[in-house]
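The values are calculated or read from the model by the stated rules, or taken from the named source; none is laboratory data. If you're wondering where the values come from, they're calculated on a predicted model, not measured in any experiment. Positions of Cβ are backbone-derived with ideal geometry, glycine not excepted, and every protein chain shown enters the neighbour counts. The area values use the complete protein model at the heavy-atom level, side chains included, leaving out ligands, DNA and RNA. Shrake-Rupley method; radii C 1.70, N 1.55, O 1.52, S 1.80 Å.
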Amino acid sequence: MQTPEPRQELKRALGLWSAIAVVIGTAIGSGIFLVPNDMIKAVGTPGMVFAVWIFGGVLTLFGALTYAELSAAMPGAGGEYVYLSAAYGPFFGFVYG
């Protein structure tokens with residue numbers, strides 16, 4: 001009698017680098033192939049396009065750090081509903097939701 005081979009399954013885990021790759025791929029999407037042409041027409045040089053992309057990345061980083069601080073200060077479930085309710089009252093949290 002033969003013993004059955006052990007069943008192989010994929011590991012259900014997402015490591016740091018895999019998660020970063022998914023986020024970058026989602027953020028960039030197919031727009032990376034379409035937007036630079038319009039941007040060069042608007043700003044004039046490829047160097048300025050890079051400067052605009054970097055500036056946008058820095059602004060995005062500021063937003064992410066702001067949400068990190070809010071989530072550390074108010075760890076309740078609900079995201080922006082919790083933040084707006086705490087800052088402006090439950091009406092504005094409800095309106096956002």
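Does residue 79 satisfy the criteria of being surrounded by 11 or more Cβ atoms within 10 Å (Cβ to Cβ), at positive phi, out of contact with any His (no Cβ under 6 Å at 6 or more places or on another chain) and free of Cβ contacts under 8 Å to residues at least 12 places away in the same chain? Before the answer, list the steps.
Values: surrounded by 11 or more Cβ atoms within 10 Å (Cβ to Cβ): yes; at positive phi: yes; out of contact with any His (no Cβ under 6 Å at 6 or more places or on another chain): yes; free of Cβ contacts under 8 Å to residues at least 12 places away in the same chain: yes.
For residue 79, the condition - surrounded by 11 or more Cβ atoms within 10 Å (Cβ to Cβ), at positive phi, out of contact with any His (no Cβ under 6 Å at 6 or more places or on another chain) and free of Cβ contacts under 8 Å to residues at least 12 places away in the same chain - is met.
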* To do: Kindly indicate whether residue 66 is out of contact with any helix residue (DSSP H, G or I) (no Cβ under 9 Å at 6 or more places or on another chain), assigned to a helix (DSSP H, G or I) and either touching a residue at least 60 places away in the same chain (Cβ under 8 Å) or surrounded by 11 or more Cβ atoms within 10 Å (Cβ to Cβ) (or both).
  => yes
* Asked: When both residues are 6+ apart or on different chains and their Cβ atoms are under 9 Å apart, which pairs have a first residue that lies in the stretch 34-46 and is surrounded by 10 or more Cβ atoms within 10 Å (Cβ to Cβ), and a second that is of a type in the set (Asp, Glu) and part of a loop (DSSP other than H, G, I, E, B)?
  -> none
* Please determine, by comparing only the residues of the stretch 1-33 that are modelled with pLDDT under 80, open to solvent by less than 100 Å² (accessible area, probe 1.4 Å) and not hydroxyl-bearing (Ser, Thr, Tyr), which one is nearest to residue 60 (Cα to Cα). => 27
* To do: Name every residue in the stretch 83-97 that is out of contact with any helix residue (DSSP H, G or I) (no Cβ under 7 Å at 6 or more places or on another chain) and either part of a helix (DSSP H, G or I) or touching a residue at least 60 places away in the same chain (Cβ under 8 Å) (or both), in order of residue number.
  => 86, 87, 88, 90, 91, 94, 95
